[in-house]
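Everything below concerns the one structure shown next.
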Amino acid sequence: MDETLDPAVIPPAQIPKRGHRLERLVQIAKGFGPLPTAIIAPESSEALAGALEARDLGLITPILIGNGHKIMALAQALKADLSHVRIDEASDPITAAERGVALVRDGTVRALMKGHLHTEDFLRPIVRREGGLRTRRRLSHVFVMDSDDLDRLILVSDAAIAIAPDLMQKVDITQNAIDLARAIGIALPKVAILSAIETISPAMPSSVDAAILSKMAERGQITGGIVDGPLAMDNAMNLEAAMAKGLDLKVAGHADVLIVPNIEAGNMLAKDLIFVSGAASAGLVVGASVPIILTSRSDDAAARVASCAVALAYDVWRRTGQPIMDWAALAEAPPLQKA
């Protein structure tokens, strides 16, 4: 085996760490749990360890759905106690995903979490028109990013589901991201609709869509946040760049949410933040009838735990209309000390 591919020998500096803001979110969220959650095919060490760590923190009550023999063998290797954890046998990952949807529909669980299976297999029964978990809103994925290089959490959408969204899909993507930002305690999210330029050019359709989305927000067709676009990445995030371009600074230079034009741009931006900037991340699919915890099969346990905290916050917000915390009030608070 080529040891350069062995995660055990990757230098620690290359492994993303959970940022202190996501750590704080985890610590506060666990006071509102646990969230009954079906874990679909937790048949890798990372998937099972993440679910069990989230359980131990009081974030979720897991039901493990998959190959029972594999799950028990992994638990033994992890020295994890499953004596009080429900395990539902499923012959394959698709069957496991269908079982998870059924548990949502009968009220047994209020969230789904992806384990070790392909995203399309996980989502197929969720997006089914009959018997799935669709709502009037389109599903979209939101990354919650925490980098020590930034003074706030940054949400990025959509980098995982919508390949080339049209204008109306972008309306739902933007509204979903605003809702999640509010759920995790950003009271009035500042939303930048990204393009390569900050002016409108018919030759660049993303700039036209961005301008329309901005106007739609002004007219109340997108609510709960301040939306501006088109904005390029530099003037969305950097105040000096925004001032140099003479832009309205309500969003420019202060963005909390970045709406990307397509999945390629979102994927590159998210992975740049994680693997170049060292950002910690959580991921959630919103727009379904319950929060969908969608992580990469390569994500470590910390990313899965943070995603469970985000899902719990979103569940609380959907049921009560209240966020679990107020980031503005905590802005000056020091990082939590790890146990």
### Query
If you scan region 255-273, which residues turn out to be at pLDDT 95 or above, charged (D, E, K, R) and surrounded by fewer than 18 Cβ atoms within 10 Å (Cβ to Cβ)?
Glu264
## Note on the structure
For helices (runs of 4 or more DSSP H) lying entirely in region 20-132, having 1 or more residues that are within 30 Å of Leu153 (Cα to Cα) and hydroxyl-bearing (Ser, Thr, Tyr) picks out 45-56, 119-127
### Message
Suppose we filter region 253-288 for residues that are at positive phi and under 16 Å from the mean Cα position of the chain (by Cα); how many remain?
### Response
1
### Task
Return the total of residues in region 138-160 being assigned to a loop (DSSP other than H, G, I, E, B) and in contact with a strand residue (DSSP E or B) (Cβ under 8 Å, 6 or more places away or on another chain).
6
### Residues of region 280-326 that turn out to be in a helix (DSSP H, G or I) and either aromatic (Phe, Trp, Tyr) or in contact with a Ser or Thr (Cβ under 8 Å, 6 or more places away or on another chain) (or both), as a count
8
### Query
In region 94-117, how many residues are under 21 Å from Ser307 (Cα atoms) and crowded, with 17+ Cβ neighbours inside 10 Å?
15
### Message
Tell me yes or no: at least one residue of region 105-117 is at pLDDT 95 or above, closer than 19 Å to Ala183 by Cβ and of a type in the set (S, T, N, Q).
### Response
no
### Query
In region 180-197, which residue that is over 13 Å from Val227 (Cβ atoms) and under 14 Å from the mean Cα position of the chain (by Cα) is surrounded by the fewest Cβ atoms within 10 Å (Cβ to Cβ)?
Arg182
### Task
Please state which one of Asp166, Asp172, Asp158 is under 22 Å from Ala306 (Cα atoms), acidic (Asp, Glu) and either surrounded by fewer than 24 Cβ atoms within 10 Å (Cβ to Cβ) or modelled with pLDDT of 95 or more (or both).
Asp158
#### Entry: Selection status of Ala73, loosely packed, with under 15 Cβ neighbours inside 10 Å and either more than 20 Å from Ser289 (Cα to Cα) or touching a residue at least 60 places away in the same chain (Cβ under 8 Å) (or both)
yes
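Conditions (1) modelled with pLDDT under 95; (2) farther than 16 Å from Pro93 by Cβ; (3) surrounded by fewer than 18 Cβ atoms within 10 Å (Cβ to Cβ); (4) of a type in the set (Gly, Ala, Ser), marked per residue:
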{"site": "Gln14", "(1), (2), (3), (4)": "yes, yes, yes, no"}
{"site": "Lys17", "(1), (2), (3), (4)": "yes, yes, yes, no"}
{"site": "Ala49", "(1), (2), (3), (4)": "yes, yes, no, yes"}
{"site": "Ala54", "(1), (2), (3), (4)": "no, yes, no, yes"}
{"site": "Gly66", "(1), (2), (3), (4)": "no, no, no, yes"}
### Query
Would region 48-56 turn up any residue that is under 21 Å from the mean Cα position of the chain (by Cα), in contact (Cβ under 8 Å) with a residue 60 or more places away in the chain and more than 21 Å from Asp299 (Cβ to Cβ)?
no
### Query
Does Ala97 qualify as being among the small types (Gly, Ala, Ser) and touching a strand residue (DSSP E or B) at 6+ places or on another chain (Cβ under 9 Å)?
yes
### Summary
Residue pairs qualifying under the 7 Å Cβ cut-off, at least six apart or on distinct chains, with the first in region 80-96 being under 12 Å from Ile39 (Cα atoms) and the second being in a loop (DSSP other than H, G, I, E, B) and at pLDDT below 95, are Pro93/Leu117
### Message
Looking at the structure I just gave you, is Glu240 loosely packed, with under 15 Cβ neighbours inside 10 Å, closer than 27 Å to Gln322 by Cα and either at pLDDT below 95 or not small (Gly, Ala, Ser) (or both)?
### Response
no
### Query
Among the numbered criteria (1) under 18 Å from Ile126 (Cα atoms); (2) surrounded by fewer than 18 Cβ atoms within 10 Å (Cβ to Cβ), which single criterion is violated by Ile39?
(2)
### Task
Read through the list (1) over 23 Å from the mean Cα position of the chain (by Cα); (2) farther than 30 Å from Asp315 by Cβ, then give the number of the only condition that Met216 fails.
(2)
### Query
Residue check, Ala252 against (1) closer than 18 Å to Ile154 by Cβ; (2) surrounded by fewer than 21 Cβ atoms within 10 Å (Cβ to Cβ), all met but one. Which one?
(2)
### Residue list for region 274-302, restricted to those being under 25 Å from Val127 (Cα atoms), crowded, with 16+ Cβ neighbours inside 10 Å and modelled with pLDDT under 90
Thr295, Ser296, Asp299
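The values are calculated or read from the model by the stated rules, or taken from the named source; none is laboratory data. Since this is a predicted model, take the numbers as computed values, not measurements. Reconstructed Cβ throughout: ideal geometry from the backbone, glycine too, with neighbour counts over all protein chains shown.
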